[in-house]
1. Could you tell me how many of the residues in the stretch 304-347 are touching a residue at least 12 places away in the same chain (Cβ under 8 Å), under 17 Å from TRP371 (Cα atoms) and not polar (S, T, N, Q)?
2. Do we have ASP63 as surrounded by fewer than 16 Cβ atoms within 10 Å (Cβ to Cβ), of a type in the set (Asp, Glu) and under 23 Å from ARG268 (Cα atoms) here?
3. Being aliphatic (A, V, I, L, M) and within 21 Å of the chain's Cα centre (by Cα) narrows it down to one of VAL258, VAL272, VAL277, so name that one.
4. Sort out which residues of the stretch 184-198 are crowded, with 23+ Cβ neighbours inside 10 Å and over 17 Å from the mean Cα position of the chain (by Cα), and write them in order of number.
5. Out of all the residues in the stretch 27-49, which are in a helix (DSSP H, G or I) and among the polar types (S, T, N, Q)?
6. Among GLU82, GLU101, GLU122, which is the only one that is without any contact (Cβ under 8 Å) to a residue 24 or more places away in the chain, charged (D, E, K, R) and either at negative phi or out of contact with any strand residue (DSSP E or B) (no Cβ under 8 Å at 6 or more places or on another chain) (or both)?
7. Can ARG107 be described as of a type in the set (D, E, K, R), buried (at least 21 other Cβ atoms within 10 Å of the Cβ) and touching a strand residue (DSSP E or B) at 6+ places or on another chain (Cβ under 7 Å)?
Amino acid sequence: MQNPILNPPQKQHQHGDYSLSEVSLANRNSGTLLETLQHDITPIGAHYLLNHFDVPYVSNASDWQVTICGQVDQPLSRSLEEIIRHATQNSLARTHRVTLECAGNGRATLEPRWPSQPWQVEAVGTSDWFGMPLKYLLQETQLASSAKEVVFYGADKGVDAGTIHHFARSLSLADAMHDDVMLVWQMNDQALLPQHGFPLRLIVPGWYGMASVKWLNKIEVIDHAFTGHQQTGTYVYRKDRGDNGTPVTSIRVKSLLVPPGIPDWSSRKRLVKPGIVPLVGRAWSGNGVPIVKVEWYRDSEGSDDQWHIATLEPSKSKYAWSKWTANWHSTPGKHILSCRATDACGNTQPLTPAWDIAGFGNNAVQQVEVWCEAF
């Protein structure tokens, strides 16, 4: 009998109800609570979570080591304590407020869908990440002239598509040396939680979350393109199985609104009273590109409503989401509320999602079903 873990059947797109394996993934990973979008910083327990493999057990952070090897003249190994002390003594430590989003956010809204973590819209969160720029550690190794890419390895290990590997991702040397790419050891003024990469992780602002490797313990500088599974076997935009694809990198422009009123327990559909209903939400884009406009829309039976301009607050950080607000005069009946953002590069959210075989990069507008009735 063939081992189904190392010789898995080819994945097929799914219709209808979620499979048991999808439900199991959803039980291990969690999205943010949309009502917490009202906070500038996502409460740690509500920040979205996606872990491919088991969370490594780390009994003592002071014993954690990070090695840098490969195309360097001075390989090094540093403990976390040494990294923190170096950052403190040389005034390198800093905080970056960064919005992270999973590349598969919105996968479950595609039809048919790819069988994986069944995100709808909730795989996003914003935190204050504290650490030091990676480049200062890389500079100590005296990078060789042959250096081309930098590979980041996590301590987490498992099997994906029949391949046994540690989770690993690479950046080009230029991207890795960017001022804002960080080694971090704190999240919202406290040590990283185990599920968020304790004791050390990478943060790559403006990119989807797969680039921000958790439980970081090895950095390898290489002279060629990295072809690990998490780099080329997945996290690639593809239209069909024969498509060589385009790597998933920076976050696409997106916005969400806090569902107004009160929820139905199981369906999460909303109930509001007639009258003025405040709307609030968040909008963000990749690579530190600011949001310049947010619009909201009410689709009601028999109505011909238009997109309305929301009030937009400037972001409190280059890589963090912006808050938007509006007032909706609700009337009895069924309504579908939506919002869409436009960034400074002119990118606007589409009304319908662009097809991707694995459901990556879905930034189509959110739709919230709301019923208005006196109660």
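1. So the answer is 8.
2. Values: surrounded by fewer than 16 Cβ atoms within 10 Å (Cβ to Cβ): yes; of a type in the set (Asp, Glu): yes; under 23 Å from ARG268 (Cα atoms): no.
It is false that ASP63 is surrounded by fewer than 16 Cβ atoms within 10 Å (Cβ to Cβ), of a type in the set (Asp, Glu) and under 23 Å from ARG268 (Cα atoms).
3. Among VAL258, VAL272, VAL277, only VAL258 is aliphatic (A, V, I, L, M) and within 21 Å of the chain's Cα centre (by Cα).
4. TRP185
5. Within the stretch 27-49, ASN27, THR36, GLN38 meet the criteria.
6. The conditions single out GLU82.
7. Judged against the criteria, ARG107 is a match.
For every residue, the table says whether it meets (1) surrounded by 20 or more Cβ atoms within 10 Å (Cβ to Cβ); (2) of a type outside the set (A, V, I, L, M, F, W, C).
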| position | (1), (2) |
| --- | --- |
| ASN90 | no, yes |
| HIS96 | yes, yes |
| LEU100 | yes, no |
| TYR153 | yes, yes |
| HIS165 | no, yes |
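Since every read-out is calculated from the coordinates, none of them should be taken as a lab result. Since we're looking at a predicted model, the values are computed, not measured. Cβ sites come from the backbone with ideal geometry, for glycine too, and all protein chains shown count toward neighbours.
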